[in-house]
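K.L.:
Mind looking over this structure? Questions follow.
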Amino acid sequence: MTERPDAPRILVFAGSARSGSFNKRLARLAAESIEAAGGRPTFIDLRDHPMPLYDGDFEATQGLPENALVLRRGLAEHDGLLIASPEYNGFITPLLKNTIDWLSRPHEGVSGLKAFEGKLAAVVSASPGGLGGMRSLALARQLLTNIGVTVLPDQLAVARAVDAFDDAGGLRDAAQAEKLDAICRRLVDTLARLKA
Ligand SMILES: Cc1cc2nc3c(=O)[nH]c(=O)nc-3n(C[C@H](O)[C@H](O)[C@H](O)COP(=O)(O)O)c2cc1C
């Protein structure tokens with residue numbers, strides 16, 4: 001599809017820094033799908049944006065980590081978000097929570113929540129387990145809602161992720177691939193309508 005000048009910009013990332021991360025694979029696929037749907041995705045790897053564990057004393061003495069400010073500026077340039085959320089003990093990962101916690105903090109008199117305000121998001125997950133990380137999706141959804149992000153009802157949890165991807169990084173299961181495309185299309189179409 002030809003990119004429109006007003007194509008919705010969507011920030012795409014996974015809540016895992018692991019080099020072989022299934023959720024990064026899923027996020028990359030989603031970025032391709034967003035582009036095919038006429039959106040402008042930006043895939044980022046949280047491995048490239050390390051931040052210390054949130055600590056109020058660090059914040060009081062040193063302010064926000066530079067990477068939190070970089071990500072926040074990046075987020076402000078986007079209309080929406082797509083997050084691939086791994087599941088740790090039924091929860092979202094500390095990496096995802098920590099990243100969002102830092103981004104949500106005030107800086108130079110501006111609320112961190114401003115960067116999230118009015119954004120639309122979609123959440124997906126992948127796990128070697130049988131539920132595909134589905135429990136983390138409910139919590140990712142709740143977290144995003146708490147900071148003012150509207151989350152699409154559609155979601156995808158890719159179970160048995162070890163076998164779910166082919167050598168080219170695509171999803172082997174056609175129904176899952178179509179579901180991911182449908183989520184990305186809905187994200188792009190809804191954002192385009194909101195922008196119009
Ligand atoms: C501390 C920890 C807890 C985990 N708990 C769960 C879990 O509750 N449910 C699940 O499906 N997988 C669980 N896993 C397995 C992860 O889904 C698996 O490591 C997955 O590959 C992580 O995502 P990634 O591939 O994107 O890094 C857990 C892994 C770790 C390290």
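The values are calculated or read from the model by the stated rules, or taken from the named source; none is laboratory data. All figures in this text were calculated on a predicted structure; none of them were measured in a lab. Cβ sites come from the backbone with ideal geometry, for glycine too, and all protein chains shown count toward neighbours. Areas reflect the complete protein model, heavy atoms only, side chains present, ligands, DNA and RNA absent. Shrake-Rupley method; radii C 1.70, N 1.55, O 1.52, S 1.80 Å.
K.L.:
Can you tell me which condition residue 59 does not meet? The list is (1) over 19 Å from residue 19 (Cα atoms); (2) open to solvent by less than 40 Å² (accessible area, probe 1.4 Å); (3) touching a helix residue (DSSP H, G or I) at 6+ places or on another chain (Cβ under 8 Å); (4) of a type outside the set (Val, Ile, Thr), and all the others hold.
P.N.:
Condition not satisfied by residue 59: (3).
K.L.:
Continuing with this model, one more query. Select from the stretch 93-111 the residues that are open to solvent by less than 20 Å² (accessible area, probe 1.4 Å) and β-branched (Val, Ile, Thr) and list them in ascending order.
P.N.:
If the condition is that a residue be open to solvent by less than 20 Å² (accessible area, probe 1.4 Å) and β-branched (Val, Ile, Thr), then 93, 99, 100 are the ones that fit.
K.L.:
From the set of residues in the stretch 122-177 that are under 22 Å from residue 112 (Cα atoms) and within 16 Å of the ligand (Cβ to nearest atom), which is most open to solvent (accessible area, probe 1.4 Å)?
P.N.:
Result: 139.
K.L.:
Being near the ligand (Cβ under 6 Å from one of its atoms), over 18 Å from residue 100 (Cβ atoms) and touching a helix residue (DSSP H, G or I) at 6+ places or on another chain (Cβ under 7 Å) is the filter here; which residues of the stretch 14-35 pass it?
P.N.:
Within the stretch 14-35, 22 is the sole residue that qualifies.
K.L.:
Additional query: Looking at (1) within 30 Å of residue 196 (Cα to Cα); (2) within 15 Å of the ligand (Cβ to nearest atom); (3) surrounded by fewer than 17 Cβ atoms within 10 Å (Cβ to Cβ), which one does residue 89 not meet, given that it meets all the others?
P.N.:
Residue 89 satisfies all of (1) within 30 Å of residue 196 (Cα to Cα); (2) within 15 Å of the ligand (Cβ to nearest atom); (3) surrounded by fewer than 17 Cβ atoms within 10 Å (Cβ to Cβ) except (1).
K.L.:
What tally of residues in the stretch 178-196 results from selecting those that are surrounded by fewer than 15 Cβ atoms within 10 Å (Cβ to Cβ) and assigned to a helix (DSSP H, G or I)?
P.N.:
Filtering the stretch 178-196 down to residues surrounded by fewer than 15 Cβ atoms within 10 Å (Cβ to Cβ) leaves 178, 182, 189, 193-196.
With the extra rule that they be assigned to a helix (DSSP H, G or I), the set shrinks to 178, 182, 189, 193-195.
Of the residues in that region, 6 qualify.
K.L.:
Please name all residue pairs, on different chains or six or more residues apart, with Cβ atoms under 8 Å, provided the first residue is in the stretch 90-102 and is of a type in the set (Val, Ile, Thr) and the second residue is more than 14 Å from the ligand (Cβ to nearest atom) and open to solvent by 10 Å² or more (accessible area, probe 1.4 Å).
P.N.:
The qualifying pairs are 92/143; 99/49; 99/51; 99/71; 100/143; 100/147.
K.L.:
So in the stretch 103-121, with the set limited to residues that are in contact (Cβ under 8 Å) with a residue 40 or more places away in the chain and farther than 30 Å from residue 193 by Cβ, which one is farthest from the ligand (Cβ to nearest atom)?
P.N.:
Quick first cut of the stretch 103-121, residues in contact (Cβ under 8 Å) with a residue 40 or more places away in the chain only: 104-105, 107, 112, 115-116, 119-121.
Cutting the leftovers down to farther than 30 Å from residue 193 by Cβ gives us 105, 107.
Values: 105: 26, 107: 29 Å.
The residue in question is 107.
K.L.:
Taking into account only those residues within the stretch 22-45 that are touching a Lys or Arg at 6+ places or on another chain (Cβ under 9 Å) and closer than 20 Å to residue 133 by Cα, which is surrounded by the most Cβ atoms within 10 Å (Cβ to Cβ)? Give the steps one after another, and end with the answer.
P.N.:
The initial filter retains those residues of the stretch 22-45 that are touching a Lys or Arg at 6+ places or on another chain (Cβ under 9 Å), namely 24, 33-34, 36-43, 45.
Then keep just the ones that are closer than 20 Å to residue 133 by Cα; that gives 24, 45.
Values: 24: 25, 45: 15.
Only one residue fits best here, namely 24.
K.L.:
Within the stretch 69-85, does at least one residue satisfy the condition of being within 14 Å of the ligand (Cβ to nearest atom) and either open to solvent by 30 Å² or more (accessible area, probe 1.4 Å) or touching a Phe, Trp or Tyr at 6+ places or on another chain (Cβ under 9 Å) (or both)? Walk me through it before giving the result.
P.N.:
From the stretch 69-85, those within 14 Å of the ligand (Cβ to nearest atom) are 83-85; that's our starting set.
Okay, now just the ones that are also either open to solvent by 30 Å² or more (accessible area, probe 1.4 Å) or touching a Phe, Trp or Tyr at 6+ places or on another chain (Cβ under 9 Å) (or both), so 83-84.
For the stretch 69-85, residues within 14 Å of the ligand (Cβ to nearest atom) and either open to solvent by 30 Å² or more (accessible area, probe 1.4 Å) or touching a Phe, Trp or Tyr at 6+ places or on another chain (Cβ under 9 Å) (or both): present.
K.L.:
Identify all residues within the stretch 1-13 that are within 16 Å of the ligand (Cβ to nearest atom) and touching a Ser or Thr at 6+ places or on another chain (Cβ under 8 Å); write none if there are none.
P.N.:
So the first thing to find is which residues in the stretch 1-13 are within 16 Å of the ligand (Cβ to nearest atom), and the list is 12-13.
If the condition is that a residue be within 16 Å of the ligand (Cβ to nearest atom) and touching a Ser or Thr at 6+ places or on another chain (Cβ under 8 Å), then 12 is the only one that fits.
K.L.:
Do you know which residues across the stretch 1-21 are part of a loop (DSSP other than H, G, I, E, B) and crowded, with 17+ Cβ neighbours inside 10 Å? Working first, answer last.
P.N.:
Residues of the stretch 1-21 that are part of a loop (DSSP other than H, G, I, E, B), as a first pass: 1-8, 15-21.
Passing the criteria: 7, 8, 15, 16, 21.
K.L.:
Quick one: in the stretch 100-139, which of the residues that are in contact with a Leu (Cβ under 7 Å, 6 or more places away or on another chain) and part of a helix (DSSP H, G or I) is nearest to residue 65 (Cα to Cα)?
P.N.:
102
K.L.:
Just give me the residues in the stretch 75-90 being within 12 Å of the chain's Cα centre (by Cα) and assigned to a helix (DSSP H, G or I), in sequence order.
P.N.:
75
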